[in-house]
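The values are calculated or read from the model by the stated rules, or taken from the named source; none is laboratory data. Note that the coordinates shown come from a computational prediction; the quantities given were computed from them, not determined experimentally. Because the Cβ atoms are built from the backbone with ideal geometry, glycine has one as well, and the counts that use them run over all protein chains shown.
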Amino acid sequence: MSLPRWAAWILRRTVAADIEAEALADFEELFRERVERLGRARALGWLAANVAGFGLRVRWADWRDGRPGRRARLDLASDLRAATRGLARRPGMVTLAVLTLGIGIGATTAVFSAVRGVLLRPLPFNDADRLVAGRAVLGGSEQRVFSAPDFLDLERESTTLSGIATYSLQSATFSDDGRPTRVPLMKVSAGFLPLVGAPLLRGRLLTPEDDRAGAPKVVVVAEAFWTTRLGRADDVIGRTVALGEVPHTVVGVVGAGFDFFRTGAADPVAGWVPNAFPPWRLRVRNAFSYELVARLAEGIDPARASAETAAVLGRVHPELTASWIPLEEHLIGTARRPLSLVMGAVALLFGLTLANVVGLLHARLDERAEELAARSALGASRGRLALLLGLDAGIVTGLAGLVGLGVAALALRGIVAAGRLPRPVDVQIDTAALLWVLAVSGGSALLLSLAPLGRLGRTPLLERSREREPRRRDRARRAMATLQCALGFVVLVGAGLLGRALATLERADLGFDPRDAIAFRVSLPDRYDAEAKITGFFHSLVESLAREPGTIAAGAIDLLPFGGHGDVSGRVQRDDMASDEWIEGVSYRVVTPGFFGAIGAELLRGRDLAWTDRSGTEPVAVIGRLLAVQLFGQTDPVGRSVRIGGGDPLRIVGVVGDLRGEHPGRPAGPVLYRAHAQREDESVMSVVVRRPGGGRAAAALAERRLAELDPTLPADELAPMAGLVGDALVETRFLATVFAVFSGLALLVAIAGIYGVMASFVSSRTREIGIRVALGAEPRSLFRQVLGRGALIAAAGILAGVVPALVGARAIAGALYGASPYDPAVGLAAGVLIGLVAIAATAVPGRRAARVDPAATLRRDRV
Amino acid sequence: MTTKNLGGFEHQVLLAVLRLGGAAHSAPIVLEMEDRGRQSVSPAAVYIALRRLERRGLVTSHSRPPEEGERGRPRRVFAPTPRGLRLLKQSRETLLRYWQGLEPDLERS
């Protein structure tokens with residue numbers, strides 16, 4: 001009995017060929033058995049049920065067991081081994097590729113982290129975009145500070161602001177836990193903390209009652225201070241802490257994460273105390289010392305609020321133009337420029353490294369062409385070939401990603417240290433940055449593996465493997481090398497300009513000599529409550545330091561050049577000027593005798609202030625050269641008198657050279673110096689000591705003398721003057737360093753690019769060169785020809801880079817502080833450097849060309 | 001698919017081959033399994049199991065020319081390899097270890 005025809009038909013159609021006969025025989029046998037045992041009808045039913053799915057089930061099981069999973073995994077492992085071996089045969093190329101790409105990835109990650117931390121992450125305040133900061137332009141220069149009456153006027157009259165508050169950074173000695181240190185304190189108006197949305201952890205915030213003159217002293221402390229200095233005690237509310245020797249009652253604790261206006265290396269603010277404006281502050285319009293922060297009312301933009309504020313303050317300060325700028329810009333403003341410049345440079349660099357690695361892997365495809373052709377002939381699909389190529393790229397980028405992470409960690413530390421970023425707390429390699437590295441590595445792996453694949457499709461592989469002169473590819477790689485030279489040129493020009501600007505700024509005439517001078521600040525506590533005690537103290541301190549053998553001079557000033565903000569300025573009038581004639585924006589400084597000598601300023605006319613200029617004697621002043629010219633022209637000011645605001649006349653006893661105090665690249669403004677002993681309330685002074693060698697010995701001496709006078713007082717911010725000046729150059733130095741590093745990298749990349757092009761040029765023309773040598777060509781001239789080709793690439797690159805370099809130079813012009821962004825010497829130097837690099841990179845392939853053995857080449861050619 | 005263990009169905013297939021004298025083609029294996037197992041067995045499942053066992057080196061197969069009354073079709077004859085036998089024994093011992101001391105409990109229930 002045979003199978004019904006339909007069953008045989010189904011089996012033949014569905015069963016794999018290798019088991020078809022067997023299956024037919026088996027079904028026949030089983031069917032026969034069933035007919036005998038169960039009868040034909042039930043046998044047919046069984047047959048229908050089992051024949052239908054038989055072939056498909058067996059095929060499915062075969063496929064699932066055998067084909068994709070296990071075998072593919074085995075293939076992948078062996079492919080991976082093969083790829084690793086292949087790469088290991090070219091250690092130089094792989095190292096170059098991994099290092100350049102790794103550095104590119106690392107630099108990108110670091111800059112991304114910094115930019116993200118500083119620029120992209122919103123400020124940690126409620127509705128940060130509605131917060132604005134006050135700015136004012138007075139006498140042509142911008143300032144951030146206002147006076148107490150200004151603040152009160154605005155608070156009372158403004159309709160465009162829903163809240164306004166003042167703040168000013170101070171410091172106080174805290175020693176309750178046995179370690180006397182100065183901690184930063186912020187003096188604020190009662191509305192400040194609620195305005196910026198400080199999160200209250202315990203107790204209460206400041207109230208208007210706290211903010212009255214004569215109110216009990218209270219402080220709201222920061223969580224960090226509470227934890228590290230107050231032992232995170234539960235009973236902290238109501239406790240008394242001595243700040244600057246004045247007992248303050250702790251009324252509240254503000255949560256972590258709120259650290260307003262922390263800049264650079266400064267410690268976080270320890271606490272907030274109320275302004276409690278003293279009566280004289282309320283009277284004096286021109287004592288600008290408070291920064292303002294405000295919240296815009298619903299639906300108001302900063303321009304409208306600025307217009308109203310300018311009108312309100314214009315009534316009392318006709319010479320002052322006030323405006324509001326977004327708080328974010330106020331806090332981040334100065335860091336935005338360097339970071340975006342660095343971001344631009346890093347984007348260039350990354351593109352360059354990526355292009356370079358693509359080029360290197362491209363070159364490797366040549367070596368693998370025959371292998372790929374063989375694989376393709378044996379039936380490997382294009383997908384599989386793509387996988388093979390992708391593995392190369394994957395290994396290179398994987399390694400580069402690891403290198404990049406290390407580079408990023410180092411670079412970020414450098415950026416934070418060198419850049420004085422405004423929000424260092426936020427700047428770290430976080431998970432987002434890590435993801436960024438991975439995305440960048442993955443993206444580049446994809447790019448890299450796509451690049452050779454594009455070529456794979458264009459011509460059949462077997463033909464490609466025989467191809468000896470891939471001219472089109474040559475052209476593409478030459479273009480790439482040209483581009484690398486161009487980008488290298490752009491970055492080099494940037495580095496050159498910044499380096500030159502930095503050198504100029506470092507040599508800039510500051511009007512004083514920071515070398516050999518050290519400075520520190522002394523803040524006398526309130527127990528020095530009488531004028532005689534304050535002046536007596538500083539007199540003793542300065543004199544004891546000045547008398548020390550070896551000291552050239554010592555003196556003190558209320559605000560040190562390069563010592564930070566807090567400038568007090570106003571208007572000054574010559575004795576014979578009409579009552580409405582003024583010189584605006586004059587800085588008022590208070591100094592002790594000896595200061596000018598200590599800082600190394602030049603006394604141009606008259607005399608220094610003397611210890612005999614004290615209260616009760618005729619009020620005297622020394623003025624800066626610029627103010628002297630503004631007030632008196634070419635005539636001698638010594639002996640004349642001037643008036644500050646509407647006050648009593650001051651007799652001018654001397655003229656000194658102007659001191660640059662903000663930035664070495666910014667000229668000094670007009671300044672007037674008064675005698676410390678003729679001022680009553682200057683209890684915070686910076687002392688400057690000039691001793692040959694300066695440094696640690698001078699610092700130790702200063703601390704010793706200070707301790708002899710009052711052992712409870714710390715010498716704040718004790719540092720060499722040169723350090724303070726250097727700090728002011730931090731942005732330029734940061735940019736110059738970053739660009740120098742980048743241009744080193746760019747040169748490395750350009751070397752690799754040119755070398756790659758020329759090496760492949762020479763190796764693909766070995767036969768041609770061999771023939772030419774056989775026909776009598778000089779090895780020397782061959783060498784020169786190859787060099788010439790390399791130089792041509794460099795020259796084309798430089799030409800292509802000129803316009804981008806000019807655009808780039810304009811972009812960094814602001815960071816050059818007056819140095820011209822169009823400096824032909826810098827362009828020339830960059831061009832020469834690129835040329836030298838091109839020649840160096842071409843030398844090895846050139847030598848190879850010169851050493852081609854015609855006999856060997858032609859012999860090989862015959863085979 | 002590990003090579004260490006024998007699946008339940010594969011175990012039965014191997015036992016059926018042994019019962020059939022240590023060498024058999026698919027149809028008698030199906031019948032033997034239906035006989036012993038008291039339930040119908042799908043030929044496809046037996047085919048799949050045999051091919052799997054062969055790939056794992058637990059059975060070998062060879063073609064044998066048609067016998068009398070087989071209408072000229074070649075048959076594929078399967079026989080356990082020594083490794084297959086070893087694994088079968090291990091499988092039995094494992095099952096017996098699992099069964100140790102359980103019979104009385106099951107008897108009662």
For segment A:116-130, how many residues are at pLDDT 75 or above and under 22 Å from the mean Cα position of the chain (by Cα)? 0
Of these, A:L524, A:L545, which one is among the aliphatic types (A, V, I, L, M), over 22 Å from A:A728 (Cβ atoms) and surrounded by 22 or more Cβ atoms within 10 Å (Cβ to Cβ)? A:L545
Please find, within segment A:543-586, the residue that is nearest to A:P667 (Cα to Cα) out of those that are among the hydroxyl-bearing types (S, T, Y) and modelled with pLDDT under 85. A:S569
Applying the selection to segment A:507-537, what residues are farther than 30 Å from A:Q170 by Cα and not basic (K, R)? A:A508, A:D509
So which of A:A668, A:A702 is surrounded by fewer than 22 Cβ atoms within 10 Å (Cβ to Cβ) and under 41 Å from the mean Cα position of the chain (by Cα)? A:A668
Given the criteria modelled with pLDDT under 70 and surrounded by 22 or more Cβ atoms within 10 Å (Cβ to Cβ), does A:G419 qualify? yes
Give the residue that is modelled with the lowest pLDDT, with candidates limited to residues of segment A:587-628 that are within 18 Å of A:L659 (Cα to Cα) and among the polar types (S, T, N, Q). A:S587
Just checking, which of A:G647, A:G665 is at pLDDT below 85 and within 21 Å of A:R144 (Cα to Cα)? A:G665
Just to be sure I understand the filter: pairs with C-beta atoms under 9 Å, separated by 6 or more residues or on different chains, first member in segment A:45-64 and more than 7 Å from chain B (Cβ to nearest Cβ) and exposed (fewer than 15 other Cβ atoms within 10 Å of the Cβ), second member outside any helix (DSSP H, G or I) and of a type in the set (S, T, N, Q). Which pairs pass? A:A49/B:S42
Right, A:R34: closer than 22 Å to B:A24 by Cβ, buried (at least 16 other Cβ atoms within 10 Å of the Cβ) and more than 9 Å from every other protein chain (Cβ to nearest Cβ) or not? yes
Which is in a helix (DSSP H, G or I) and more than 26 Å from the chain's Cα centre (by Cα), of A:A796, A:A813, A:A777? A:A796
Conditions first: (1) within 14 Å of chain A (Cβ to nearest Cβ); (2) touching a Phe, Trp or Tyr at 6+ places or on another chain (Cβ under 7 Å). B:V17 passes all but one, so which condition is the exception? (1)
Could you tell me whether segment B:7-21 includes any residue that is modelled with pLDDT of 85 or more and loosely packed, with under 14 Cβ neighbours inside 10 Å? yes
Is it the case that A:M758 is buried (at least 21 other Cβ atoms within 10 Å of the Cβ) and closer than 30 Å to A:V684 by Cα? no
Hey, any hits in segment B:42-49 for a residue that's within 12 Å of the chain's Cα centre (by Cα), free of Cβ contacts under 8 Å to residues at least 24 places away in the same chain and either outside any helix (DSSP H, G or I) or at the interface with another protein chain (Cβ under 10 Å from one of its Cβ atoms) (or both)? yes
Just to be sure before I move on: is A:A23 more than 14 Å from B:Y47 (Cα to Cα), touching a Phe, Trp or Tyr at 6+ places or on another chain (Cβ under 9 Å) and surrounded by 12 or more Cβ atoms within 10 Å (Cβ to Cβ) in the structure I sent? no
Restricting attention to segment A:4-22, and to residues there that are touching a Lys or Arg at 6+ places or on another chain (Cβ under 9 Å) and in contact (Cβ under 8 Å) with a residue 24 or more places away in the chain, which single residue is nearest to the other protein chains (Cβ to nearest Cβ)? A:I19
Does at least one position in segment A:713-723 carry a residue that is more than 33 Å from the chain's Cα centre (by Cα) and charged (D, E, K, R)? no
